[in-house]
Amino acid sequence: MKADTPPPTRALVQGTLDMLVLRVLALQPMHGYGVTQRIEQVSQGTFEVQPGSLFPAFRRLEREGLVKSDWRATENNRRAKYYRITDSGKRRLKAETEDWERQTLAIRRILAGT
Amino acid sequence: MSVTTVLQKLRSDLGAFFRWQRHENDLDEELRAYLESSIAAHVKRGASPDEAERAARIGLGSVAALKEDVRAVGWSGHVHMLWQDLRFGLRLLRRSPGFAVPVILTLALGIGGNTAIFSLVNTVFFRPLPLSDPDRVLRLLDSARGPDGHRRTFGMHSQNVDAVQRDGRVFESIVSLSGQNLTLTGGDAPERVQVVYRSAGWLPTLAVRPVVGRDFSPDEEREGIDSGVAIVSYALWQRRYGGDSSSLGTTIQLEDRSFAIVGVFPPGFSFPYEAEVWIPFAVDASDRARDFAVFGRLRKGVTPQQAQQDLDRLTAEIKEQYPETAPGYAVTSITLRDNLVDHQDATMLTLLCSVGFLLLLASINVANLVVARSVSRAREFTIRAALGANRWRQFRQMLTETVLLALIGGAAGLLLAEWLTTFLATLIPSSIGEQLGMANAGMDRRVLAFTVVVSVLTGIVAGIVPAFASTNAAQSLKDGGRSSVGDGPASHRLLNAFIVAQTALAVVLLVGAGLMLQNFQRLQHRALGFDPRALLTVEFTPAAANYPPGTRRAQLLHRVIDEIERLPGISSVGATTVNPLGGGDWSAPVEIDGHPPASATDAYTVNHRLVSPALLQSMRIPMIRGRQFTWEDDERRPGVAIVSSDMARRYWPDQDPLGKRIRIARPNSPWLTVVGVAGNVSDARDPGDPPETWYLPYAQQASAAAAQTVHLMIRADADPLALAADIKRAIGRIDPALAIYGVSPMDTFFSLTLKRERLGAAAMGAFAAFGLLLAAMGVYAVIAFAVLQRTQEIGLRMALGAERRTIVGMVLTRGLRLGLIGLAIGAAGAVGLNRVLVGFLAEITPLEPAIILVAAAVLLACIFMACYVPARRAARLDPLAALRSE
């Protein structure tokens, strides 16, 4: 590699995937592909979610009782597993969002201060 | 983390675990849906169906890796992966029995040996004593400091027993026990039984209750012997009454007294002194005739150290109350387990170390085989790596396989150990084994846990290096490298290291075996100080009723000896109160005339033996100076003594001991004149036994407490056992009611005393032989493998004109060079280990160079053979066929 500046990252900031998935699901229940599309779309292509990270994240969230899933028909009338956020998922999302905002604000201040 | 979250996770994991298949199907279907949606999206953007599918599949990535990542969330997935690894491993092993069977056998022997030795160690050192809360039980002893500063301990005298029973503040309860051999009459034949006189306090202190019948009542304990009741051992009950519970209340006759049986103790219980009958006893402070084994149960929360402090206070009070007490006297205490177990036991520790080394050797051997086998599996690993199995997963798969092998080996080893321990039970010191009914080194949870842990560790040790080596190779192959396992310098170095390690371990084992064998031979050929061959011993005890202590006892002994001496084939007959190989002991504190009484010497102890005139002659103990005893040396004549040469040297270092005066260190005890010096007899079995001995005439001491059991020492011209019947008849002519027992040649006693050492040496020899075999097999496998790998090279060399001899030399050199390195490391290790052990174990002797040389020679011969066979095979290769081989 001989690029002087690294290419703009499309990977997620470590540890934020769960929060983003919860955020997307907070709008409406959605299946796996829908979640990846939505994240890409909303981030305007900045973030790309790999299925290899997404499905373990679903399993993790489900295990902690933050999301629940059931099989439904898709808009194209196919069967797909839809995930929806639970009440404790909503509480977690709120907490993590506040946390995140506090931190990013702090980081922004530090970066601006130097 | 809150409780609800934990519960939620647990519920989810359990669901995933028990509905595993459904979860897997769900995931498959979900991924299919994802793919379909993705394809549809690509088509919508204008791609052709083929392009769309291709793009979608690339987008999805490795499905196998993704699924593993999903499964890795929570523990249920890990358990399932482990299960899969196990099933895969089992399938693989079943397909290659040529690999699995030798590996399992090797591990079974290695783990089985460890389990067997550990179960012995467990019994002796860890297993709870079968008493309730045994750690609170202390044994109290009289002790005296000798001139060498060494403190020697004895059973307690009645006056001191009385003092501690009245004033043992730190003890909840105290029991005092005194043993005596008595003749049990009635029934078919009289027999000798060990009787224990038992003071009050048994139940609260030791808490062992009869399993049949009842314990003594407080009234009976107060009355003592006169209560006329007894508890018998389970063995005696079975032997004489067939275990019939209606025998309770029956009377047994012990010499001049009879006792009603009121209870039976649990099977195997014979504490202390291998007792068979227990009788209530009231301790009388003025009684000089016996000493007591005193046990106290500490009050809750009192440590043994605190107890000893209180005993020091008590010592001072005893000295105040009895001014004649020797200055070096003290009441000491040790825990019950310390009383029964010799923590310095070298046999047990050496064996434990050795089986450990053996197992390490076995593990390396297995690692060896695993590496060799992974060559043939290189393709499998590479394919798995290419399919996206990550390195860790592959590493774990290999490790699972060896751990699986080790667990199977461990299960087989457990069976082996169960069988081995029945042979090895002799290695348990008899005091703990026989008296508390712990002779069987049974399997308990601790042994099982040990075996499982050792098996898993063995599997990891055997598998970790090969697993690293082959996953590295497979990964590098995937990355475009060309090396594979078993080929290339890294794995050659690995196999070389195996050879070195195996030889080194084998040397340590061989040297250890040599040391044990040497120790055994030293004991076998030690200077006993007497000649045990053609010497018969017969035991009898004059019943107190017919032969009260005093002249009548001496007369009986004289008549018995005269009667036996008249028999043909017998050259001389002696009598002593202690059989030097019989395990019994009797010692006495002595005082030397002329030494100031304040000197600590006045409480020095020596072995105390009452003997007949011809004893030294019949046992062939050399008379160094002075005269023997005669029957004239009786109670009417001035007291005389013969001392051993060790004793003479210690007490009169630069003087003539003859004519010197000496006596038992007790007020008013009469002075004795030394009339002779005899050779030393080696009869010290315990490190604490005094090395010095004095002999006093039985006839002169016939009123003393020691003048009880008599061991006749009968010197025969030929086979002494052939005379046994004549001897019994001769004794019967003097008194038909006299019970004799323990008829046995002294050399039988001698070999019995070495039973434990002999078995230890044999076990060690077996370990070393097995270790040697493993090392030879390991070297052979590596060298044969190397020859196989180099077939083409060897063919080429031969085609270019190399002679067969050169080829043989080339192969041999490699093996022998590595063997020699291992030999040097092993020898250095053995010397170092020996140095360390000599430092803290009295029984271990320093290594002699001869042992190392012999071990090295044996090992080198084995390595040579292990290399020579593949070397010759290499030399016999047909060059053309070898060149073509792939």
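The values are calculated or read from the model by the stated rules, or taken from the named source; none is laboratory data. Quick caveat: nothing in here was measured; it's all calculated off a predicted structure. Neighbour counts run over all protein chains shown; Cβ positions are idealised from the backbone, glycine included.
The table that follows gives values for the structure above.
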{"item": "Pair list, Cβ < 8 Å and 6+ apart or interchain, from region B:789-817 residues that are touching a residue at least 60 places away in the same chain (Cβ under 8 Å) to residues that are charged (D, E, K, R) and assigned to a helix (DSSP H, G or I)", "result": "B:Met798/B:Arg804; B:Ile807/B:Arg797; B:Val808/B:Arg872"}
{"item": "Lone qualifier among B:Asp342, B:Asp312 - being surrounded by fewer than 19 Cβ atoms within 10 Å (Cβ to Cβ), at pLDDT below 80 and either touching an Asp or Glu at 6+ places or on another chain (Cβ under 9 Å) or not hydrophobic (A, V, I, L, M, F, W, C) (or both)", "result": "B:Asp342"}
{"item": "Of all residues making up region A:35-60, the number that are assigned to a helix (DSSP H, G or I), farther than 23 Å from B:Arg71 by Cβ and touching a residue at least 24 places away in the same chain (Cβ under 8 Å)", "result": "0"}
{"item": "Residue in region A:23-43 that is at positive phi, more than 7 Å from every other protein chain (Cβ to nearest Cβ) and at pLDDT below 85 present", "result": "no"}
{"item": "Spans of strands (runs of 3 or more DSSP E) in region B:234-296 with at least 1 residues surrounded by fewer than 21 Cβ atoms within 10 Å (Cβ to Cβ)", "result": "B:251-254, B:257-264"}
{"item": "Candidate set from region B:766-806 (those that are surrounded by fewer than 18 Cβ atoms within 10 Å (Cβ to Cβ) and of a type in the set (Gly, Ala, Ser)); member that is nearest to B:Gln524 (Cα to Cα)", "result": "B:Ala766"}
{"item": "Residues (farther than 13 Å from B:Ala417 by Cβ and of a type in the set (S, T, N, Q)) located in region B:443-473", "result": "B:Thr458, B:Ser470, B:Thr471, B:Asn472"}
{"item": "Condition met for B:Ala497 (surrounded by fewer than 24 Cβ atoms within 10 Å (Cβ to Cβ) and at pLDDT below 65)", "result": "no"}
{"item": "Close pairs (6 angstrom Cβ cut-off, 6 or more residues apart or separate chains): in a strand (DSSP E or B) and at pLDDT below 90 in region A:79-92, aromatic (Phe, Trp, Tyr) and surrounded by fewer than 19 Cβ atoms within 10 Å (Cβ to Cβ) anywhere", "result": "A:Arg79/A:Trp71; A:Lys81/A:Trp71"}
{"item": "Total residues in region A:72-114, condition among the hydrophobic types (A, V, I, L, M, F, W, C), within 30 Å of B:Glu30 (Cβ to Cβ) and under 21 Å from the mean Cα position of the chain (by Cα)", "result": "5"}
{"item": "Every pair of residues 6+ apart whose Cβ atoms lie under 7 Å, when the first sits in region B:75-101 and is acidic (Asp, Glu) while the second is surrounded by 12 or more Cβ atoms within 10 Å (Cβ to Cβ)", "result": "B:Asp85/B:Arg396; B:Asp85/B:Gln397; B:Asp85/B:Thr400"}
{"item": "Counted residues, region B:216-233 - those being part of a loop (DSSP other than H, G, I, E, B) and either in contact (Cβ under 8 Å) with a residue 12 or more places away in the chain or touching a Gly at 6+ places or on another chain (Cβ under 8 Å) (or both)", "result": "3"}
{"item": "Selection from region A:59-72 of residues that are closer than 14 Å to B:Asp13 by Cα and either more than 7 Å from chain B (Cβ to nearest Cβ) or among the small types (Gly, Ala, Ser) (or both)", "result": "A:Leu61, A:Gly65"}
{"item": "Residue that is nearest to the other protein chains (Cβ to nearest Cβ), among those in region A:74-89 that are more than 24 Å from B:Val63 (Cβ to Cβ) and not polar (S, T, N, Q)", "result": "A:Glu75"}
{"item": "Leading residue by the ranking (farthest from the other protein chains (Cβ to nearest Cβ)) among those in region B:1-38 that are small (Gly, Ala, Ser) and under 15 Å from A:Glu62 (Cβ atoms)", "result": "B:Gly15"}
{"item": "B:Ser76 vs. criteria crowded, with 17+ Cβ neighbours inside 10 Å, within 13 Å of another protein chain (Cβ to nearest Cβ) and of a type in the set (S, T, N, Q)", "result": "yes"}
{"item": "Tally, over region B:395-424, of residues that are in contact with a helix residue (DSSP H, G or I) (Cβ under 9 Å, 6 or more places away or on another chain), among the β-branched types (Val, Ile, Thr) and farther than 18 Å from B:Gly459 by Cβ", "result": "1"}
{"item": "Unique residue being at the interface with another protein chain (Cβ under 7 Å from one of its Cβ atoms) and aliphatic (A, V, I, L, M) when the list is B:Ala41, B:Ala52, B:Ala56, B:Ala65", "result": "B:Ala65"}
{"item": "Wholly within region B:641-750, strands (runs of 3 or more DSSP E) carrying at least 3 residues that are touching a Pro at 6+ places or on another chain (Cβ under 7 Å)", "result": "B:672-678"}
{"item": "Test: residue in region A:103-110 that is over 22 Å from B:Arg57 (Cβ atoms), of a type outside the set (Phe, Trp, Tyr), surrounded by 15 or more Cβ atoms within 10 Å (Cβ to Cβ) and more than 10 Å from every other protein chain (Cβ to nearest Cβ)", "result": "no"}
{"item": "Residue match in region B:752-770 (condition: among the polar types (S, T, N, Q) and over 29 Å from B:Val371 (Cβ atoms))", "result": "yes"}
{"item": "Test: B:Ser119 is among the polar types (S, T, N, Q), crowded, with 22+ Cβ neighbours inside 10 Å and within 30 Å of B:Ala506 (Cα to Cα)", "result": "yes"}
{"item": "Checklist (1) at pLDDT 75 or above; (2) surrounded by fewer than 22 Cβ atoms within 10 Å (Cβ to Cβ) applied to B:Gly149, failing item", "result": "(1)"}
{"item": "Qualifying residue in region B:21-28 (condition: at negative phi and within 53 Å of the chain's Cα centre (by Cα))", "result": "yes"}
{"item": "Any hit, region B:744-752, residues being touching a residue at least 12 places away in the same chain (Cβ under 8 Å) and either touching a helix residue (DSSP H, G or I) at 6+ places or on another chain (Cβ under 6 Å) or closer than 30 Å to B:Arg636 by Cβ (or both)", "result": "yes"}
{"item": "Selected residue (criterion: modelled with the highest pLDDT) from residues of region A:61-78 that are surrounded by fewer than 11 Cβ atoms within 10 Å (Cβ to Cβ) and either assigned to a helix (DSSP H, G or I) or of a type in the set (D, E, K, R) (or both)", "result": "A:Asp70"}
{"item": "Selection within region B:715-764 - more than 25 Å from B:Phe530 (Cα to Cα), of a type outside the set (A, V, I, L, M) and surrounded by fewer than 16 Cβ atoms within 10 Å (Cβ to Cβ)", "result": "B:Arg729, B:Gly732, B:Arg733, B:Pro736"}
